[in-house]
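The values are calculated or read from the model by the stated rules, or taken from the named source; none is laboratory data. Treat the numbers as computed from the prediction; the structure is a model and nothing was measured. Here the Cβ positions follow ideal geometry from the backbone for every residue, glycine too, while neighbour counts run over all protein chains shown. Note: accessible area is taken over every heavy atom of the protein model, side chains too, but ligands, DNA and RNA are not part of it. Shrake-Rupley method; radii C 1.70, N 1.55, O 1.52, S 1.80 Å.
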Amino acid sequence: MEAAGAGLRLCAAIVDRLTYGGNIIETGTSSSRLAKTQAQAATAQKAAAG
């Protein structure tokens, strides 16, 4: 299980390094990945609430 935790920390560190000081560019288009993630989060919240 420790290997998985180390992998998650490494992934977080890589993402942090890639995005540090970066600029968010709005393209004016919708993101299917963002919509899917938000829908999954909403479903999980509803399931946890009751």
Check your understanding: Between residue 39 and residue 14, what length comes free when the chain is fully extended (0.36 nm per residue of separation minus the Cα-Cα distance, one decimal in nm)?
Key -> 6.4 nm
Review point. Taking the Cα centre of the chain as origin and charging only Cβ (+1 Lys, Arg; -1 Asp, Glu), how large is the dipole, in debye to the nearest 20?
Key: 140 debye
Check your understanding: Going toward the positive end of the dipole of the chain, with +1 on Lys and Arg Cβ and -1 on Asp and Glu Cβ, which of 14, 44, 31 do you reach last?
Key -> 44
Check your understanding: Ignoring ligands, DNA and RNA, what percent of the accessible area of the chain is carbon or sulfur (1.4 Å)?
Key -> 60 percent
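Checking the a/c ratio against 1.5 first, then a/b against b/c, what shape does the Cα gyration tensor give for the chain? If you can, show how the numbers build up before the last one.
Numbers: a/c = 3.09, a/b = 1.07, b/c = 2.89.
Since a/c reaches 1.5 but b/c is at least a/b, the shape of the chain is classed as oblate.
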